[in-house]
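To start, the structure under review is shown below, and the notes come after it.
Only the coordinates and a few stated rules stand behind these numbers; no lab work does. Here the structure is a predicted model, which is why all the values come from computation and not from measurement. Cβ coordinates were reconstructed from backbone atoms using ideal geometry, including for glycine residues, and neighbour counts include every protein chain displayed.
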Amino acid sequence: MAIEIILGLPHLANGPILQRAVALQAPVLISANCLSRWRKADGWREWSGWRTGTLANARPLASVDLDSAGYTMMVRYGGLPWSIADYMALAASWPFRRFSSVDYCCEEGVAHDREEVLDRIARTTATNRECFARAGDLGIRDRLMPVLQGRVPDDYDRSLDAIGGLILPGAIVGIGSMCRRPVHGREGLIAVVERLTRILPIGVKAHLFGVKGDALPYLTPFARWIASIDSQGWGVGVRQHALKHRIAKTDALAADFMERWYRTQCARTLEPPRHMSEAASPSPPPPTADPWECAIAQARGEIRALIESDDLDHDEITTGWIEQWAAEIYADAA
């Protein structure tokens, strides 16, 4: 079966973009942020709830998936402005085909070092668990898409091990931090996908968030493990075209670019597959011999364990605790 191409839509306003998506009968994905209501308070934008009225416009679409919003929100606001309870209420308010768990993306623009990547994987474990529990209470667990996070292939092993009990038979699992990832290399898209083929439970498939179309021929050999990809890459193309030609970026122009992009991606799924071996995993750095650095590493690990076990909230600010925590470990070892 071919990999499904899902169109990322910027909004659900009744206009050329939505009408073209309906005409194409393409499955679509929207971010929770496109349904957000904002207000200005003391000169700052403040989230004030959901605008669910535009969901009525989505009824003629082939299907609609909901994403919790990730990279852009993390960069712009440093985190999600809504709670998991808010997000799950939105997920339950309309018959989305599936909705992703809240997660903490691990792209370099957000997670600047290895420790931050591990911290965000731990927080993603906690958000998956809370979403799973709330989905059960709301009766929508069958539509929940758990999300794995990481930077290198081993990270996705770690993430899957932590939430394996939340993945229902035959489920689709979201694979995060894909959209800015190169196709090749030790941390590349194919290295991660090859690892997934070895670790995903039988019958479980992956949805790859934000994968660009030029990767599709390399993904074709793994189609039995990949249910779908999504992208709003067409939006970049129309923006560049409008700037180059000094014309307005209208929704009518965007709809034309979107259709061409979608048809091109669908055609790419039929191209001959290209094969590439997984790059060897990099050797882990040697353990530090410095007692203080060892204490810092141990403190981070203990804090992550508390987040994963729900003894600390997933959005708890822990940066200021690490040195104090490490100081106690250091003193005990002295």
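Counting neighbouring Cβ atoms within 10 Å and putting the fewest first, the residues F222, F257 line up as F222, F257.
Available extension along the chain between D113 and R141 is 6.7 nm, counting 0.36 nm per residue and deducting the alpha carbon span.
For S177, S228, S68, S48, which order do you get if you count the other beta carbons within 10 Å of each Cβ and list the fewest first?
S48, S228, S68, S177
Subtracting the Cα-Cα distance of R158 and Q19 from their residue separation scaled by 0.36 nm leaves 45.9 nm. Note on K249: lysines with a C-alpha under 24 Å away, same-chain residues under 8 apart excluded, are K212. Using a Förster radius of 22 Å, what is the FRET efficiency between S93 and W44 based on their Cβ-Cβ separation? Nearest 0.05, please. Given R0 = 22 Å and the Cβ-Cβ separation, E is 0.25.
Taking amide H as placed 1.01 Å from N in the peptide plane, the amide H of G49 sits under 5 Å from that of R37, each at least 5 places away or on another chain.
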